[in-house]
Amino acid sequence: RIPMEIVDSAGRRFCLEKELFRGGEGSIHPIAGNTTLLAKLYHRAIGPLKQAKLAAMAHSSREALLRVAAWPSATLHAVAGGPVVGFMMPRFDGARSELHQLYTPASRKVIFRRADWAFLIHAARNVAAAVDTVHEAGHVIGDVNQRNFVVGGEGTVKVLDCDSFQIRDQGRTFFCEVGMPEFTPPELQGRPLAGIERVPNHDAFGLAVLCFQLLFMGRHPFAGRFHGTGEMPIERAISESRFAFGRNARSRLMEPPPGMVPFAALPSDIAALFEGAFGGESSRPAARQWVTALDAARRELTACTVEPIHKYHRAQGECFWCRLERGSGVFFFIGEVPSVSISTFDLSKVWAEITLATVLSYEPPARPTFQFAGSPVAPELGQRRRTARFAQFGAAAGLLGLALFFGNWAPLIVPLMVVVMLCPMPGRAERRRRVRKLRDAQRAWRYAYARGEKELSIDPLKRKRTELDQVRHEYEMTDRQKQEELAALAANAKQSQLQRYLERQFIRDHRIADIGLGRKGTLANWGIVTAADVTFGTLRAVQGFGPVLRSKMMAWRAQVEARFVFDSRHAIPPSDLSALEYRWMRRKRELEVRLSAGAAEAHRLNATITRRRESILPELDPVAREWAQAAADVDAINRAISPRKYGRASA
């Protein structure tokens, strides 16, 4: 029988009120007239070693510890000088939830409705700060796990179950003899923990796991797809340092599960801390390093323009939560739904702007026409050319006569005739130069024309208009689709109510054959925390869960479903209506942003094309001039050389 009057180690008497909480080891009671302390009383008598440990903890109590931990400030006794039956500890005001209720999306969306990624980072920072405080006092938590920490509505974190810590006081060490495998570092995996002296570096591993789970929606850093042979349960993955995320996951034959926060979304210094924490014993960051890095990471977050509750590192440039939620269909955070949605967006006005910006016809660049006189040619060039040609024919005729007269010399004379006929005529070199210049000018024009044609193309504007047409159609359909979903929600009310019922049945709260705390923890690390998460598909991915265990889990789900009773009075609860309204409000807001941005982009494209139209002719003008001049030069020399063929050159 629990006494209602108790004595502390200093001989002071206190009256206890009705218990607030009853656990497997003891019960928690308020102290009458005291709003800052609570009393923990053990159900059964504790041994001398535990009594000495509690006395050492009360002796080493410090203000810093009492701020962050349920640390014994005094031992409690049924009678003065009697055996220890419990201890006093600080009372934490405000609602407190276990840490896993924050990082698990299913429970977070119920208990911490306003929590976003910034809140989770802040909570991780406070977990690290609490661990650092314990280490600064010379103690080690030892059994780091999610149940040792509770979190309040503002993200404040307190440490529980301090009587299981490894305590050092006055030269004596009281060991921590327990530990959860999922949070135990590789060097301690599989070893009996009783009698092992823990060090802060061992806590550093469990702390990194908790930080990872807070940032990665409850997923364990060693729960991933194994590409080797055989099973890869989390305990084995930890012992073999098979971190499932990070740059070198493939080299460890691991891969993150699908639908996860991308590791690349982390700030570089946070990613480096995780790599170090799970890379080896010598590279684990201490708790204080996490505090500094997480503080910096939170300052570098920015809000999504489409969904303000989405926070992401500004170096990413875009919101990965929107992309992740579109791909998975899962909403990780639920924002506030205003009672009256006020929007200044006017579709008709925005679409009028888009129409105005996209009405632009294509006008190919035209070659300017110029009339130029050819470069001067020597007036006597034609006469010189005719004289040279007459001399050529005369020499060729003389050589032909010699060939006929001296028949034996013909093989030598004929080549001489060919050489004579091929002798360059006056003006030939100049003509070649002018023709070459004309061809160069034509090539330059073709290049300039092709470039101008590309720059003046309205294809980008056409593509933008087609894209925005589709977005407008989606926007105009949102209200209709929302009503269709509402009708489907009413038609499927029983199935929806069953789904909500299953989502409230947390695996940890049920007794399931052959599924103990360890296996429940494994399921949680794979994102399976409620009966709704239990399917053949999700269970098949869990390492260490073979056909037998999968069948037991499916049988348990069937039992839970059998206890469900449909309540027709609450076919569609307000929470579902609110969630539906929230989803469609988000969708409309996203489309509004795309349309508004599309209008601005269309105006920019239109202005760019118009500006290029105004500048392209001046850019083409010198090229066209060179072409016209080169053509006139060729024409002038042609007339000078062959007046019969091209006409006589003008004076």
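The values are calculated or read from the model by the stated rules, or taken from the named source; none is laboratory data. Quantities reported herein were computed from a predicted structural model and do not represent experimental measurements. Glycine gets a Cβ as well: all are built from the backbone with ideal geometry, and neighbour counts include every protein chain shown. Quick note on the areas: whole protein, heavy atoms, side chains included, nothing else; ligands and nucleic acids left out. Shrake-Rupley method; radii C 1.70, N 1.55, O 1.52, S 1.80 Å.
Of note:
- Residues satisfying the stated conditions in the stretch 232-254, i.e. on the phi < 0 side of the Ramachandran plot, open to solvent by less than 50 Å² (accessible area, probe 1.4 Å) and at pLDDT 90 or above: 237, 238, 242, 243, 244, 245, 249, 252, 254
- Here residue 571 fulfils each of the conditions (1) at pLDDT 75 or above; (2) more than 30 Å from residue 450 (Cα to Cα) apart from (1).
- Candidates 508, 519, 550, 589 - the one that is open to solvent by 20 Å² or more (accessible area, probe 1.4 Å), in a helix (DSSP H, G or I), closer than 23 Å to residue 332 by Cα and in contact with a Phe, Trp or Tyr (Cβ under 9 Å, 6 or more places away or on another chain): 589
Residue by residue, here is whether (1) modelled with pLDDT of 80 or more; (2) out of contact with any helix residue (DSSP H, G or I) (no Cβ under 8 Å at 6 or more places or on another chain); (3) of a type in the set (S, T, N, Q); (4) not in a helix (DSSP H, G or I) holds:
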residue: 603; (1), (2), (3), (4): yes, no, no, no
residue: 606; (1), (2), (3), (4): yes, no, yes, no
residue: 611; (1), (2), (3), (4): yes, yes, no, no
residue: 616; (1), (2), (3), (4): no, no, no, no
residue: 619; (1), (2), (3), (4): no, no, no, no
residue: 634; (1), (2), (3), (4): yes, no, no, no
residue: 640; (1), (2), (3), (4): no, no, no, no
residue: 648; (1), (2), (3), (4): no, no, no, yes
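- Members of the stretch 464-499 found to be over 29 Å from the mean Cα position of the chain (by Cα) and open to solvent by less than 30 Å² (accessible area, probe 1.4 Å), listed by number: 493, 496, 497, 498
- Which numbered condition residue 337 fails, given (1) crowded, with 17+ Cβ neighbours inside 10 Å; (2) of a type in the set (A, V, I, L, M); (3) at pLDDT below 90: (1)
- Restricting 291, 261 to residues that are among the β-branched types (Val, Ile, Thr) and under 30 Å from residue 588 (Cα atoms) narrows the list to 261.
- Qualifying residue in the stretch 61-78 (condition: open to solvent by less than 30 Å² (accessible area, probe 1.4 Å) and either hydroxyl-bearing (Ser, Thr, Tyr) or over 27 Å from residue 176 (Cβ atoms) (or both)): yes
- Residue within the stretch 132-150 that is on the phi > 0 side of the Ramachandran plot and touching a His at 6+ places or on another chain (Cβ under 9 Å) present: yes
- Among the residues making up the stretch 162-182, those that are farther than 17 Å from residue 60 by Cβ and open to solvent by 10 Å² or more (accessible area, probe 1.4 Å) are 177, 178, 179, 180, 181.
- Verdict on residue 350 being open to solvent by less than 60 Å² (accessible area, probe 1.4 Å), modelled with pLDDT under 65 and in contact with a helix residue (DSSP H, G or I) (Cβ under 7 Å, 6 or more places away or on another chain): no
- Being in contact (Cβ under 8 Å) with a residue 40 or more places away in the chain and more than 34 Å from the chain's Cα centre (by Cα) is a property that residue 461 lacks.
- Within the stretch 495-532, tally of residues that are of a type in the set (A, V, I, L, M, F, W, C) and either over 16 Å from residue 551 (Cα atoms) or at pLDDT below 80 (or both): 7
- Counting residues in the stretch 194-208 that are surrounded by fewer than 18 Cβ atoms within 10 Å (Cβ to Cβ), more than 19 Å from the chain's Cα centre (by Cα) and of a type in the set (Lys, Arg) gives zero.
- Among the residues of the stretch 270-280, the ones that are surrounded by 14 or more Cβ atoms within 10 Å (Cβ to Cβ) and either acidic (Asp, Glu) or more than 15 Å from residue 124 (Cβ to Cβ) (or both) come to 5 in all.
- For first residues located in the stretch 275-297 and more than 21 Å from residue 138 (Cβ to Cβ), partners that are at pLDDT 95 or above and among the β-branched types (Val, Ile, Thr) and lie 6+ apart or on another chain with Cβ distances below 8 Å form the pairs 293/270; 294/121; 294/270; 297/121; 297/270.
- Taken together, the residues in the stretch 138-159 that are surrounded by fewer than 18 Cβ atoms within 10 Å (Cβ to Cβ) and more than 30 Å from the chain's Cα centre (by Cα) amount to 1.
- From the list 100, 29, the one residue that fits, being closer than 30 Å to residue 333 by Cβ and open to solvent by less than 20 Å² (accessible area, probe 1.4 Å), is 100.
- Qualifying positions in the stretch 105-135 - in contact with a helix residue (DSSP H, G or I) (Cβ under 7 Å, 6 or more places away or on another chain) and either among the aromatic types (Phe, Trp, Tyr) or open to solvent by 10 Å² or more (accessible area, probe 1.4 Å) (or both): 106, 111, 112, 118, 122, 125, 129, 132, 133, 135
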